[in-house]
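Since every read-out is calculated from the coordinates, none of them should be taken as a lab result. The structure displayed is predicted, hence computed values, not measured ones. No Cβ is skipped: glycine too gets one built from the backbone with ideal geometry, and neighbour counts run over all protein chains shown.
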Amino acid sequence: MAEHHSGALLASVSDTDPGASATDERTLTTREWIGFIAMVFGIFMAILDIQIVASSLEQIQAGLSATRDEITWVQTAYLIAEVVVIPLSGWLSRALSTRYLFAISCAGFTLMSLFCALAWDLQSMIVFRGLQGFFGGAMIPTVFAVIYTLFPPRLQPAMTVVVGLVVTVAPTAGPVLGGYLTEAVSWKALFLVNLVPGLLATLLTLLFVRVDEPEWELLEKIDFRGILYIVVFLGCLQYVLEEGVRDEWFESGQIVFFSVMAGLAGVAMFYRELTTEHPIVDLWAFRDGNFAVGCLFSFILGIGLYTIIYLMPVYLASVKGLNSLQIGQYIMVAGLFQFVSAFVAGPLAKFVDSRLMLASGLFMYGLGCWLNGNLMHDDGYWEFFWPQALRGFALMFCFLPINSLALGTLPPEEVKNASGLYNLMRNLGGAIGLAVANTLMIQWNKGHYAKLREAVTPGSPQAQSLIGGLQERLANAGVADPELAALKQLHKLVMTEAEVITINSLFHGLGMVFFLSLLLMPLVKKVSPDASGAGGH
């Protein structure tokens, strides 16, 4: 019976007529729905785990007896491995089939989650986190490809909304859930929580997913040189972006070495993949104008999504002094409005021009970032609420048309490869956005502090008045040396104000990125709501 459904599906998606009624009217079976839902749960875990350790690094550091610099590799190892495997996922999916690749990846991810919880030192944790990221990264593009091969065109927008919610909400939920689990149980719970859902997703995928059949002959024509170039290029690039800020970029010999390696491997990769008969990653997909523009917007969305997820907790922790649970209460607003927007953007996508939706989404997201840049250090919950609400609501208006633009009109045989490249662009956007934000934060903090310090001089009446008030308050509180304590508090106030100005400037910068991205709108071609993933151009 499963083989019958698989054959019917393959026959329907291979039809090159966008208006084929067999494709439009096809109804999914209960088994296919169960399989797809299991895959969605799988990628939710994989994306959640990118950020789940973010708010618990101090506890993991203490548990593994690591230094502050060393413990960041718990996150870096996952990201490097994930970025490396994402573009390979298209070829792996064709060779092994969607069913077997996803099941193997989900099982490996679950097993590595268990090993992370059992890690006995930092080195073992880094190895297990890297393997966890490798298995997790292979799952993400597979689900995007399934949307355009399993579902008829009328259901594709709704399924894109579902997967879009997972992709955008999971990174926001990661630090919140991580903070809660660490405080309620221990940091080991961050990994143990994956075991039951991971096992269920693996079994349900094996039992119910029948999208395609393995092309075992591809395993006889493996382009090992292509794989090596891709791994070295993306691995070194991600390392440079992650570690560059801490090592002061090209002042570090290591950063220079890995930058050169990334450059050489990148040139070799492009040459190899564009000239070999059986490429691991088919870069010729970028000849499709819609796909190329969709990837560019995916890159921009990655910059906004991941940089904001980084900046908000930094601001709330260092400026407002909130703990991980309180930070979660602030940033969950964006996730809630993402959920609400799914019920608005989904129906609108059926009859509103995708270009209008995308322009509206980019403008709203940019405006939300810009409003976030007008905050003061003593602002409360509601001053943070509305910019986040606007950004969260805008995400589905961006994600849905970008996804349709990039993948919605490709022939089904190209979707798997293209999905890997599309997801890679979002992750690279996030990595580059974070690297730039981190670098600017360090430089601008120093600059703003220096300017503020020049203004706070012994001859300044405002400074004297502030120090006098602080001394009087501290003396009344029984502080032994109120003068020294007042100077320390003044230093802290100046540092905090410098940080507020810096992060506000970064929020404004992100807003400008999205406003300027509107200039790319003339490159966007209209994608019909009825466009088929079966070659409809």
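Test of understanding: ordering Y306, Y381 by Cβ neighbours within 10 Å, fewest first, what list do you get? It would help to have the intermediate numbers written out before the result.
On the way: Y306 22, Y381 10.
With the fewest neighbours first, Y306, Y381 line up as Y381, Y306.
A P(r) calculated from all alpha carbon pairs of the stretch 141-236, with 10 Å bins opening at zero, reads 11, 23, 33, 28, 5, 0 percent.
Applying a DSSP loop filter and a limit of 16 other Cβ atoms within 10 Å to the chymotrypsin sites (Phe, Trp or Tyr not before Pro) in the stretch 107-171 leaves W120. From most to least packed by mean Cβ count within 10 Å, the peptides 338-346, 73-81 give 73-81, 338-346. Sorted fewest first by neighbouring Cβ atoms within 10 angstrom, E414, E82 come out as E414, E82.
State whether the stretch 148-302 is rounded, prolate or oblate according to the following rule on the C-alpha gyration tensor (a ≥ b ≥ c being the square roots of its eigenvalues): a/c under 1.5 gives rounded; otherwise a/b larger than b/c gives prolate, and the remaining case gives oblate. Provide the component values of the computation, followed by the final result.
Details: a/c = 1.67, a/b = 1.09, b/c = 1.53.
Oblate shape, in that a/c is at least 1.5 and b/c is the bigger or equal ratio.
Tell me, what is the Rg over Rh of the stretch 223-279, with Rh the Kirkwood radius over Cα pairs? For the stretch 223-279, the value is 1.09. In this simple spin-label model, placing a label point 7 Å from the Cα along the Cα-to-Cβ direction at both I442 and S252 gives a separation of 0.8 nm. Cross-link pairs exceeding 18 Å between alpha carbons, from the set K188/K320; K350/K525; K451/K492; K320/K451; K320/K492: K188/K320; K320/K451. By other beta-carbon atoms within 10 Å, ranking H448, H508 with the fewest at the front produces H508, H448. Rounded to the nearest whole Hz, the Karplus-based 3J(HN,Hα) values (6.51 cos²θ - 1.76 cosθ + 1.60, θ = phi - 60°) of the stretch 271-283 follow the sequence 4, 5, 6, 8, 10, 6, 6, 10, x, 6, 10, 8, 6, with x at glycine and proline. Okay, which of the stretch 332-375 sit inside 17 Å, backbone N to the point 7 Å along the Cα-Cβ direction of F515? 359-375, by backbone N distance to the label point.
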